Ligand SMILES: [Zn+2]
């Protein structure tokens with residue numbers, strides 16, 4: 001992955017709009033957050049292969065970036081995005097890594113289901 | 001360490017075997033005991049991607065599969081099984097299916113000893129769910145066919161509630177192998193291992209004690 005280039009990500013968001021796509025969306029503090037610090041309230045959410053169609057996708061900044069997808073009757077968004085990649089399957093992979101380089105959030109958009 | 005006929009290790013994540021148990025595994029293998037390692041997931045939800053990131057959510061499983069194989073090779077594990085569950089979902093699986101899946105492996109391998117996690121005292125939900133299914137699968141065996149259960153616990157309250165571990169294996173002789181097994185999980189251990197190895201070379205007593213001693217609680221059924 002490489003640090004977000006806004007124009008490149010926006011181009012990909014446009015390419016994947018108005019078609020059926022599969023979404024991976026995740027936020028995480030890691031399963032050990034509360035073990036390592038009892039005052040820490042650990043939370044997270046995860047959805048893999050949600051099938052959606054969005055009419056508008058937008059990236060806003062500054063770094064770390066936010067990304068919102070407006071669907072016909074709802075929304076998808078992620079914040080804290082720092083890195084992106086378009087992989088060999090033409091999937092847009094977006095992730096936010098914290099100050100130690102650990103993944104904290106991921107939003108991925110694909111025209112085929114994730115395995 | 002008592003000589004075993006066959007050791008079966010059951011953990012949910014690649015690298016679970018490396019930190020607290022790899023010295024014990026290596027010692028059994030040096031003793032001529034065959035070892036089967038059943039690893040439930042590929043650690044798909046690992047958070048270490050390298051800094052700067054050299055992998056992503058979608059490439060991580062393949063990288064960790066290879067790392068797990070490398071760790072098994074380092075330790076001399078001939079029978080490595082990847083069971084195809086998904087990281088962080090083990091506790092949501094159908095409990096009966098999981099018990100019978102693990103039970104079928106236990107009945108096939110017929111180990112004299114099983115190493116797994118202590119349910120309720122192993123911090124990660126996958127650890128607790130795996131340990132609970134292993135204990136239940138062993139419970140369902142006829143009494144004279146039950147292998148011994150040596151379980152790993154590391155929750156903050158484990159010693160308060162379970163008492164001190166009754167088994168402490170001194171694995172001094174195989175510390176280099178243990179370090180190599182930890183290093184095999186490069187994507188996850190890269191950062192901590194450099195620091196650890198440096199301290200080991202400087203004879204840091206805390207690191208040496210941590211590497212030397214592997215702790216287990218014997219689980220008594222009924
Ligand atoms: Zn684990």
Filtered residues of region A:17-43 (kept if at the interface with chain B (Cβ under 10 Å from one of its Cβ atoms) and touching a helix residue (DSSP H, G or I) at 6+ places or on another chain (Cβ under 9 Å)): A:30, A:31
Is region B:74-85 home to any residue that is within 16 Å of the chain's Cα centre (by Cα), within 12 Å of the ligand (Cβ to nearest atom) and either closer than 20 Å to residue B:177 by Cβ or assigned to a loop (DSSP other than H, G, I, E, B) (or both)? no
If we keep just the residues of region A:61-75 that are assigned to a strand (DSSP E or B) and more than 22 Å from residue B:49 (Cβ to Cβ), which is nearest to the other protein chains (Cβ to nearest Cβ)? A:69
Check whether at least one residue in region B:165-179 is without any contact (Cβ under 8 Å) to a residue 24 or more places away in the chain, more than 17 Å from residue B:35 (Cβ to Cβ) and over 16 Å from the mean Cα position of the chain (by Cα), and report yes or no. yes
Residues satisfying the stated conditions in region B:121-141, i.e. away from chain A (no Cβ under 14 Å) and within 16 Å of the ligand (Cβ to nearest atom): B:131, B:132, B:133, B:134
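For (1) within 16 Å of the ligand (Cβ to nearest atom); (2) in a loop (DSSP other than H, G, I, E, B); (3) away from chain A (no Cβ under 14 Å), each residue gets a yes or a no:
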| residue | (1), (2), (3) |
| --- | --- |
| B:37 | yes, no, yes |
| B:41 | yes, yes, no |
| B:45 | yes, yes, no |
| B:62 | no, no, no |
| B:101 | no, no, yes |
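In region A:37-60, how many residues are assigned to a loop (DSSP other than H, G, I, E, B) and touching a residue at least 12 places away in the same chain (Cβ under 8 Å)? Step through it out loud before you land on a result.
Applying the first criterion (assigned to a loop (DSSP other than H, G, I, E, B)) to region A:37-60 yields A:37-44, A:53.
Now restrict to residues that are touching a residue at least 12 places away in the same chain (Cβ under 8 Å): A:42-44, A:53.
So the count comes out to 4.
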For residue B:73, which of the numbered conditions (1) within 11 Å of chain A (Cβ to nearest Cβ); (2) more than 21 Å from residue B:137 (Cβ to Cβ) fails to hold? (1)
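Any read-out appearing in this document is the output of simple, stated calculations on the displayed coordinates, not a laboratory observation. Model, not experiment: these values are computed from the prediction. FYI the Cβ positions are ideal-geometry reconstructions off the backbone, even for glycines, and counts take in every protein chain you see.
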